[in-house]
């Protein structure tokens, strides 16, 4: 008869509990994802749509010369808009961004280029909120469309997004563009952008006026101008790194409704173009997503426990029953990731198979972001990610 030590029995039991807990949570999130996918809105361009309201398309640019052309050409080619202005802020660029914009627009009277200096930011402001605030003050439209310079729109994207905004009676919608990814770290991290809100945000609650149930992405924000200004524009969110979500939360505090939609049929975005940009980009923001270091650490731990631990256990354990739990957890994570990618028009295979590695990468980037923020070492586009008070 083989006798096992109490310590070994305890380790086996703990491993089984960890595998079961991770697999159970992964299955629960898969079920939640499937339910959400039946409710998520996915507006599509429609050549028959015509929008008569005046719309302001607002694009902040800082050192974007290497990638602004596809974005700007897609904006100039928008269909279905009877009255549109395009306001671009050259936010202290050093790479000829403003000159390239002038060359592309070639005197198009719909476009206004504002040249901003590279002076220190006003007290209490970070760079992106201040750029959006300046654009909002210049805009004359009834609807404001904030757009990042790395987003490429389908020809009828803005008309479809505005129609979605008005038909739902919302004050803000945020179409999440399909995330293009080429390098290995992009392919691990970028699909998690849309996965994160579709897998975790309860869709029925996201349409309420409760600020905590909010998701938005600054790549593509469509907002009613009157509601935006009545709520203070970007001023109430001046010091937030993740200013897009805070704009929505601020609107909800003022009694407005709004939320995310699947924008995969409307726009595409390659947010980062190298491993270095991925690391630097997430460093600047992940520390602030959940509001405190304790919450950030808890989320990173949960990602590892739910999506990393089960497949690791499946590979390393000798107990068949424990291995089965690990495999179930792994397959549930892959299934959820694949379902979201298919819906958002992103690459499905083989990338979905790397869900455990994606979760581990996000957890590691979160911890790194927290450490870098604590040390005051965060910079983005030549500016410190700190607020002058």
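Here, each number is a calculation from the coordinates, and none is a lab measurement. The structure presented is a predicted model; accordingly, all values stated were derived computationally and were not measured. Glycine also receives a Cβ, built like all others from the backbone with ideal geometry; neighbour counts cover every protein chain displayed.
Brief remarks on what is shown
- Comparing the range 133-173 with the 2.2 N^0.38 Å rule of thumb, its C-alpha radius of gyration ratio is 1.26 (two decimals).
- Antiparallel DSSP beta bridges within the chain, as percent of all bridges there, nearest 5: 30
- Relative packing of peptides 124-137, 208-221 - highest average C-beta neighbours within 10 Å first: 124-137, 208-221
- P(r) tail fraction, the range 107-196 - alpha-carbon pairs more than 18 Å apart, %: 64
- For the chain, built as a Gaussian network whose Cα springs stay under 10 Å, the top-fluctuating residue of 28, 363, 231: 28
- Neighbour counts of C-beta atoms inside 10 Å place 46, 150 in the sequence 46, 150, starting with the fewest.
- Rounded to the nearest 5, the antiparallel percentage of DSSP beta bridges internal to the range 51-273 is 25%.
- You can think of it this way: the chain between residue 112 and residue 205 has 29.6 nm of extra reach, that is 0.36 nm per residue less the Cα-Cα gap.
- Residue order, fewest to most surrounding Cβ atoms within 10 angstrom, among 358, 74, 292: 292, 74, 358
- Tilt relative to the chain, helix 320-343 - C-alpha long axis, 0 to 90 degrees, to 10: 10
- Span from the the range 27-69 Cα centroid across to the the range 293-342 one, whole angstrom: 30
- Taking a quarter of the surface of the Cα convex hull of the range 298-376 gives a mean projected area of 6.4 nm².
- Part-to-part distance (alpha-carbon centres) for the range 85-164 and the range 204-225, which is given in Å: 21
- Highest to lowest packing among 314-320, 302-308, scored as the average C-beta count within 10 Å: 302-308, 314-320
- Quarter of Cα convex hull surface for the range 33-159, i.e. mean projection, nm²: 9.8
- Packing-based ranking, highest mean first, of 272-283, 153-164 given that Cβ atoms within 10 Å are counted: 153-164, 272-283
- Degrees separating the helix 275-286 axis from the principal Cα axis of the chain, which is the longest one: 90
- Globularity index of the chain is 1.05 (Cα radius of gyration / 2.2 N^0.38 Å, N = number of residues).
- Along its principal axes, the range 51-273 has C-alpha extents of 46, 43, 40 angstrom, given from the largest down.
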